[in-house]
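Beneath this line is the structure, given in C-alpha cells, with notes to follow.
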Amino acid sequence: MTDKTYLFQYLLRLADDHLILSQRLGEWCGEAPTLEEDLALANIALDLIGQSRSIYSYAADVENKGRDEDHLAFVRVERDYRNALIAEQPNGDFAHTIARQFFVSAFMVPFWREMESSNDLMLAAIAAKASKEVAYHLRHASEWVIRLGDGTEESRERMIEALDDLFIFTGEMFEVDETVEAMIRSGVCTDPSSLMGEWLQTVQSVIAQATLEMPDTGFMQTGGRMGRHTEHLGHILSELQYMQRTYPGQVW
Amino acid sequence: MYSQGLIGADGKTHEDEAFLNAFQARIDAEQKIEPNDPMPQGYRKTLIRQISQHAHSEIIGMQPEGNWISRAPTLRRKAALLAKVQDEGGHGLYLYSAAETLGVSREEVTDQLLSGAAKYSSIFNYPALTWADIGAIGWLVDGAAIMNQIVLCRCSYGPYARAMIRICKEESFHQRQGYEIMIALCNGSDEQKELAQDALNRFWWPSLMMFGPPEGDSVHSSQSMIWKIKRFSNDDLRDKFINATVPQAEHLGLTIPDPDLKWNEQKQGYDHGDIDWNEFWRVVKGDGICNRDRLKKRRKVHRNGAWVREAALAFASKHAAQQTADAQIAAE
Ligand SMILES: [Fe+2]
Ligand SMILES: [Fe+2]
Ligand SMILES: [Fe+2]
C-alpha cells in the first residue's frame with residue numbers, strides 16, 4: 001500500500017469513530033434525564049459531527065476519486081465502516097452512555113493534543129480545534145461518572161455495570177496495526193499505545209473519585225478497524241443511510 | 001371590586017381601585033413590569049399560563065423534528081437539525097426560568113404538562129413523516145411562531161419580553177434554514193418536489209391554526225390586550241403570516257393547498273378559505289394523531305431519568321454536608 005492509501009484508511013477510521021458516536025448521542029435528543037443534559041449531549045454530538053466532517057472532507061481530498069464527505073459518510077457497505085466497536089455500542093441507560101463517552105474522551109484528550117504536532121498540517125489544524133472540544137467532553141463525562149458512582153445505591157450499581165460492560169471495548173483505541181505503523185513512521189500520529197499510561201491514570205483517578213473500583217482488565221474485543229463489527233452497526237446504518245439509499249444521488 | 005393577590009415573596013396586596021389604576025398607568029406608559037414589582041394576581045396567573053404553555057410547546061416540539069436527526073440526508077443537514085432541536089430545548093429552559101420569576105417552579109409546571117392539565121401548541125401533534133416535513137416545519141411552523149413572538153418582544157412583562165428577543169433571533173434562523181431545505185427540494189428531482197408539495201399540503205392548515213381561532217371584535221377590549229401581554233388579534237397575526245408566506249411559496253414553485261386563496265386589492269392582503277376549526281378543537285382536546293404518543297414519550301423520558309436526577313441530588317447533598325463539616329473543622 002502507498003502512503004496515501006494508508007493515510008486514507010487512517011482518516012476513515014478516525015472519521016467513522018466520530019460519526020458513529022455522534023449518531024448514538026443524537027439518539028438522546030429530547031430523551032435525556034434533564035433539559036440541561038439534553039443540551040449537553042447535543043453539544044457533544046455536534047462537536048463530533050463537526051470533527052467527522054473535517055476528517056471526511058480531508059479523506060475525500062486524499063483519496064481524490066471524486067467522492068465527498070457525504071459519499072464517505074453515507075454510501076458505504078457495513079464492512080467498509082472502520083470505527084472502533086465502542087462507538088457503536090448502544091446508548092443503554094444514561095450510565096452506559098456516560099461510561100462510553102468517558103472512556104472515549106479520556107483517550108481523545110491526549111490523542112488530539114499529540115496530534116496538534118502531527119507533521120500532517122491538515123490533521124494538526126483539526127486537532128487544534130478538537131483539543132478544546134474534547135476537554136469539555138471529558139470533564140462532563142467525568143463529572144457524571146463521579147455523581148452516579150457516589151450518588152444513590154441504584155445509580156452506583158448502574159454505573160458499575162456500565163463501566164464493566166464497556167471496558168472490554170477500550171483496548172481497540174490503542175491498537176497498532178500496519179496502517180497505524182505507517183502513520184507513526186511518517187510522523188502523522190504518535191503511537192497510540194504510548195497514550196495508555198495517561199488514559200489509565202485519568203480513568204483510575206475518576207473512578208476512585210466516584211468511590212468505585214476499576215473494572216477487571218482481561219480480554220479486549222477487536223475487529224472494528226477491519227470492518228468486523230457488532231450486530232449494532234447495521235441498525236445504525238439503516239437509519240443513517242436511509243435517505244441516501246432511498247433517493248440515490250440527489251442534492252439535499 | 002376588592003380582592004387580594006399574592007405578590008412574589010412580599011405577601012399579600014390589596015387590589016383596590018387605586019392599586020389597579022396605578023398598575024394600569026405603568027402599563028399604559030409602556031413601563032416593563034419586573035418580577036418584584038406589585039402586579040394583580042390575574043396578570044401573574046395569565047402570564048404563568050402563557051409562558052409555561054410556550055415552554056411546553058418548545059419541549060414537545062423537539063419530538064417531531066428529533067424524529068429525523070438519525071436519518072438526515074447529509075452531515076450538514078444532520079448538524080443543523082440537531083442544533084435546531086437543541087435550540088428548542090434551550091428556549092424551553094429560558095421560558096421555564098421566566099415562569100419561575102413569577103413564582104412557579106419548573107417541577108410544578110412540568111407536572112402539569114405530564115398530567116395533561118397544561119396545553120402545548122397543537123401543531124406538534126402532527127407527525128413529521130418525510131424529510132421534507134423538516135423543511136416545512138422550519139419554514140411554516142417556526143415562521144408562524146415568529147409572527148406571534150415578535151410582538152411578544154414588546155410584552156409588558158420584562159423577563160418574558162427579554163426571553164422573546166433572544167428566542168426570536170434563533171427562530172428566524174430556524175425559519176431560514178427550513179426554507180433553505182425547501183429550496184433544495186424544489187431545485188431537485190421530481191420526486192423531491194413532490195415531497196416538498198406534500199409537506200406543504202399537510203402543514204399549511206395546521207400552521208394557520210397555530211394563531212388560534214378568531215376572537216371577534218371583543219378581542220380589543222380583552223384583558224390581555226389591556227395589560228399589553230397581547231397586542232394583535234389572532235386573525236391579524238394570521239393574515240400577516242399568510243401575506244408573508246404566499247410569495248415564498250410562489251418563489252418555490254409550490255401551490256398553497258387553498259383554492260379560495262386570492263389577493264384582495266382593497267385590503268392589500270390575501271383572502272383565504274375556511275379553516276377547519278373542528279379539526280383544531282379535536283386536536284387541542286387530545287385526539288390528534290400524535291397527542292398520546294407525545295405525552296407518553298415525555299412521561300417515559302421523565303420516568304427513565306428519575307434515577308439520574310435522584311443521584312445528582314443525593315450527590316449534591318452529600319457533598320454539601322461534607323463541605324459544611326469541613327468548614328466546621330477548619331473553624332475549630
Ligand atoms: Fe423555539
Ligand atoms: Fe417558540
Ligand atoms: Fe425554532
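The values are calculated or read from the model by the stated rules, or taken from the named source; none is laboratory data. Remember, it's a predicted structure, so these values are computed and weren't measured experimentally. No Cβ is skipped: glycine too gets one built from the backbone with ideal geometry, and neighbour counts run over all protein chains shown. With ligands, DNA and RNA removed, areas are computed over all heavy atoms of the protein, side chains included. Shrake-Rupley method; radii C 1.70, N 1.55, O 1.52, S 1.80 Å.
A few points about this structure:
- Averaging 1/r over each pair of different alpha-carbon atoms in the protein assembly as shown and inverting the result gives 26.6 Å, the Kirkwood hydrodynamic radius.
- Length-normalised contact order for chain A - Cα pairs under 8 Å, 6+ apart - percent: 25 percent
- Degrees, to the nearest 10: B:190-209 long Cα axis against longest axis of chain B: 50 degrees
- Peptide A:139-151 shows a mean partner chain C-beta count of 3 within 10 Å per residue C-beta.
- For B:Gly269, the amide hydrogen comes within under 5 Å of the amide hydrogens of B:Asn264, counting only partners 5 or more places away or on other chains and with H modelled in the peptide plane.
- A viscosity of 1.306 mPa s and a temperature of 10 °C, combined with the Kirkwood radius over Cα pairs in Stokes-Einstein, give a translational diffusion coefficient for the stretch B:114-161 of 123 µm²/s.
- A simple spin-label model places the labels of B:Glu191 and B:Glu332 7.6 nm from each other, with each point 7 Å out along Cα-to-Cβ.
- 0 to 90° range, to nearest 10: angle between helix B:106-115 axis and chain B longest Cα axis: 50 degrees
- Per-residue shielding of B:86-93, expressed as the average number of other chain Cβ atoms within 10 Å of the residue Cβ, stands at 5.
- The residues neighbouring B:Glu58, those whose beta-carbon lies less than 14 Å from its own, together hold a net charge of -1 under the Lys/Arg +1, Asp/Glu -1 convention.
- Here the Karplus relation 6.51 cos²θ - 1.76 cosθ + 1.60, evaluated at θ = phi - 60°, turns the backbone of the stretch B:303-313 into coupling constants of 5, 5, x, 4, 5, 6, 5, 4, 4, 5, 5 Hz, with x for every Gly and Pro.
- For the stretch A:3-246, taking the reciprocal of the average inverse distance between every pair of different Cα atoms yields a Kirkwood hydrodynamic radius of 18.2 Å.
- What the pair-distance distribution of the stretch B:83-233 shows, using all Cα-Cα distances binned every 5 Å from zero, is 2, 9, 14, 18, 19, 17, 11, 6, 3, 1, 0 percent.
- Cleavage-rule hits, GluC sites (Glu not before Pro), the stretch B:236-298, DSSP coil, Cβ neighbours within 10 Å at most 14: B:Glu265
- Rounded tilt (10° steps) of B:234-252 against the dominant C-alpha axis of chain B: 50 degrees
- Ligands, DNA and RNA aside, B:Lys228 has an accessible area near 40 Å² when probed at 1.4 Å.
- Simple spin-label estimate for B:Ile226 and B:Ala306 in nanometres, 7 Å along Cα-Cβ: 4.5 nm
- Full extension of the chain between B:His251 and B:Lys285 gives 8.6 nm of extra length, using 0.36 nm per residue less the Cα-Cα distance.
- Estimated FRET transfer efficiency (B:Ile183, B:Asp37; beta-carbon r; R0 51 Å; 0.05): 0.65
- Take each residue in B:52-61, count the other chain C-beta atoms within 10 Å of its C-beta, and the mean is 1.
- Taking label points 7 Å from Cα along the Cα-to-Cβ direction, A:Gln209 and B:Phe19 give a separation of 5.1 nm.
- Potential extension, B:Asp235-B:Arg162 segment - 0.36 nm per residue separation minus Cα distance: 23.8 nm
- Amide H contacts of B:Ile33 (H built 1.01 Å from N, in plane; Pro and chain starts excluded): B:Tyr157, B:Gly158 sit under 5 Å, all sequence-distant by 5 or more or on other chains.
- Where trypsin sites (Lys or Arg not before Pro) fall in DSSP loop in the stretch A:3-45, at most 11 other Cβ within 10 Å: none
- Residues B:Asp293 and A:Glu78, FRET efficiency given R0 of 41 Å [Cβ-Cβ distance, rounded to 0.05]: 0.85
- Summing Cβ point charges (Lys, Arg +1; Asp, Glu -1) relative to the Cα centre of the protein assembly as shown gives a dipole of roughly 800 debye.
- Computed over the protein assembly as shown, the per-residue total of -39500 (n - 2.57) for DSSP H runs of n ≥ 4 gives a 222 nm mean residue ellipticity of -21000 deg cm²/dmol, rounded to 500.
- Chain B shape via C-alpha gyration tensor axes, a/c threshold 1.5: oblate
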